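See below for the structure under consideration.
The values are calculated or read from the model by the stated rules, or taken from the named source; none is laboratory data. Remember, it's a predicted structure, so these values are computed and weren't measured experimentally. Don't worry about glycine lacking a Cβ; one is built from the backbone with ideal geometry, like all the others, and counts go over all protein chains shown. The protein model used for the area step is the full one, side chains on, heavy atoms only, and it has no ligands, DNA or RNA in it. Shrake-Rupley method; radii C 1.70, N 1.55, O 1.52, S 1.80 Å.
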Amino acid sequence: MNQADLLEKAPVFQLKGSMLALTILELSSNELDRLDIQLAEKVEQAPQFFQDAPIILALDKCLQSAQPLDLVRLLSICRKHGLHTLALRAEHPEHLAAAQLVDLAVIPPSGARERPLAIAATAETATEHNFTPARIITQPVRSGQQVYAKNTDLIVMAAVSAGAELLADGNIHVYGPLRGRALAGINGNLEARIFCQQMSAEMLSIAGQYKVAEDLRRDPLWGEATQTYLNAEHLEISTL
Amino acid sequence: MSKIIVVTSGKGGVGKTTTSAAIGTGLALRGHKTVIVDFDVGLRNLDLIMGCERRVVYDFVNVINGDATLNQALIKDKRLENLYILAASQTRDKDALTVEGVEKIITELAEQFEYVICDSPAGIEKGAHLAMYLADAAIVVTNPEVSSVRDSDRMLGLLSSKSKRAEEGREPITEHLLLTRYSPERVARGEMLSVEDVEEILSIQMIGVIPESQAVLKASNQGVPVILDEESDAGQAYSDAVDRLLGKEVPHRFLEVQKKGFLQRMFGGKE
Ligand SMILES: Nc1ncnc2c1ncn2[C@@H]1O[C@H](COP(=O)(O)OP(=O)(O)OP(=O)(O)O)[C@@H](O)[C@H]1O
Ligand SMILES: [Mg+2]
């Protein structure tokens, strides 16, 4: 075999599985004028969030009305407000046909866990006056236990076991080994961080971006004192 | 002041009943009036390990249902003056126990006894919950393996949130960890978690480390709690654990791999 043939055979791609945390825009009505107005209001609250944001457009919960859905217009409204539609989530034959016409991928409705994403408000509207003190836990958080710090930071001054779960709308601090799951900024706060003295976590997540134990174990900082934060939608782990 | 102590684990078959019998007997040996209560309805075997199975007339469920008085159901130990057993029912199922029934009887026992030892069934369901609900202290029994340690962790979480003390916002249950079936040889070969590993994972103080020992099986076949076999390593380790429970500081033994002495090498040592 000559050089050229060998080159031809050398792989130029690799297939990889991955789990992405994506925002889903779930439409409950096909009144597109109202969508246009309401999206504009949301964008005003959190412009960065909508800037070139990839989304899944879900039509499976959309109430059917007399007039058929104008998919092309729907897509352009989304685009106008900064949203890139990656795929449709739909099952209705009419929607499937429309998707095929504009060459858009379709995923079936899933039973997966989803929760409403409240977008963090911008500085002006932030509730600076309603200060919520951090939630402080001094006892170990054990397997099967879940602690949630609503609208604030969570501080744990003991070990967090494998099988335990920490949730916070704000930051999470763990002054002990973190062996369970920690989800900071669960209401969409992209600025939230996770600080811990020994990162041996089962999962770390910030505003829906996450890494699971399999990835974390390969991290050179496994077992070290770390902080975890979002850098352009990418979860970064660095030493403290 | 009476003290209610639950012996619990989450995972089954780790040595709860063996421990309840040994600790209860050890407390009685030191002069404390003690009762051991079998909460394992349907699978009773505390009476077998205590060697009183032929003297069970009434059981825990009979007392709850009012078929017998507490004093009719209490079985006096034949070896020790101040030791009693309350057997579990063999024929009923776990639903025979109710929160109100258990509370009434355990409170009554606490008036008569210095120590009430509750031998919990396995699991984290109703039976285990009832056994720990009224406790002042807990002995969490663990084997040096990952699944057992994980279950103990789960149980420690429940102790801190699902007990009567937690519900009433009183001081939490005092937690003790007892590591049993410990084999220094297997730890050295990396087949088992070490004492340090387990302490690190559970971040709780160790009240005893009981070695894996033939003496346990022998004792339970004879219906004699292993703590009464003073020659045995397991018996001595349980004895140390009772001292620690009573607040004494005693160094841990049987943690190192035993080097066989000359005579043992020549003639084969006893286990
Ligand atoms: N230190 C030990 N060395 C050797 N064998 C032991 C030791 N401790 C317990 N065992 C054995 O382990 C088995 C289970 O013990 P035991 O009945 O005390 O456990 P348990 O936790 O009460 O079980 P269950 O969950 O079924 O109630 C028994 O066969 C017992 O003899
Ligand atoms: Mg048992």
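Count of the range A:162-188 residues, restricted to those that are surrounded by fewer than 21 Cβ atoms within 10 Å (Cβ to Cβ) and of a type in the set (S, T, N, Q), is 1.
Close Cβ contacts (under 6 Å, 6 or more residues apart or on different chains) running from residues in the range B:27-38 that are farther than 21 Å from B:Gln236 by Cα and more than 14 Å from chain A (Cβ to nearest Cβ) to residues that are within 16 Å of ligand 2 (Cβ to nearest atom) and open to solvent by less than 10 Å² (accessible area, probe 1.4 Å) comprise B:Val37/B:Leu86; B:Val37/B:Cys118; B:Asp38/B:Leu46; B:Asp38/B:Ala87; B:Asp38/B:Ala88; B:Asp38/B:Asp119.
Scanning the range B:228-245 for residues that are without any contact (Cβ under 8 Å) to a residue 12 or more places away in the chain and assigned to a helix (DSSP H, G or I) returns a single hit, B:Asp243.
Summed over the range B:133-154, the residues that are open to solvent by 10 Å² or more (accessible area, probe 1.4 Å), more than 14 Å from every other protein chain (Cβ to nearest Cβ), touching a Leu at 6+ places or on another chain (Cβ under 9 Å) and hydrophobic (A, V, I, L, M, F, W, C) give a count of 0.
A count restricted to the range B:23-47 and to residues that are over 13 Å from B:Tyr84 (Cβ atoms) and either in contact with a strand residue (DSSP E or B) (Cβ under 6 Å, 6 or more places away or on another chain) or more than 9 Å from ligand 1 (Cβ to nearest atom) (or both) stands at 9.
For the range B:195-229, which positions are open to solvent by 30 Å² or more (accessible area, probe 1.4 Å) and either among the hydrophobic types (A, V, I, L, M, F, W, C) or in contact with a helix residue (DSSP H, G or I) (Cβ under 7 Å, 6 or more places away or on another chain) (or both)?
Residues satisfying the conditions are B:Ile201, B:Val216, B:Leu217, B:Ser220, B:Val224, B:Leu228, B:Asp229.
Every residue, every condition in (1) modelled with pLDDT of 85 or more; (2) open to solvent by 60 Å² or more (accessible area, probe 1.4 Å), yes or no:
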residue	(1), (2)
A:Ala97	no, no
A:Leu104	yes, no
A:Pro109	no, no
A:Ala118	no, no
A:Ala121	no, no
A:Glu128	no, yes
A:Pro133	yes, yes
A:Ile136	yes, yes
A:Gln139	yes, yes
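Are there strands (runs of 3 or more DSSP E) fully within the range A:135-213 with at least 2 residues that are within 14 Å of chain B (Cβ to nearest Cβ)? List them.
Numbers: elements: A:135-137, A:146-149, A:154-156, A:165-168, A:172-178, A:181-184, A:194-199, A:203-206, A:209-212.
By residue number, A:146-149, A:165-168, A:172-178, A:194-199.
Taking B:Ile117, is it in contact with a Cys (Cβ under 7 Å, 6 or more places away or on another chain), of a type in the set (Val, Ile, Thr) and open to solvent by less than 10 Å² (accessible area, probe 1.4 Å)? No, not satisfied. Of the residues that make up the range B:155-164, is at least one touching a helix residue (DSSP H, G or I) at 6+ places or on another chain (Cβ under 8 Å) and away from chain A (no Cβ under 13 Å)? Yes, some residue in the range B:155-164 is touching a helix residue (DSSP H, G or I) at 6+ places or on another chain (Cβ under 8 Å) and away from chain A (no Cβ under 13 Å).
B:Ala137 falls short on exactly one of the conditions (1) over 19 Å from the mean Cα position of the chain (by Cα); (2) in contact (Cβ under 8 Å) with a residue 60 or more places away in the chain, and that condition is (1).
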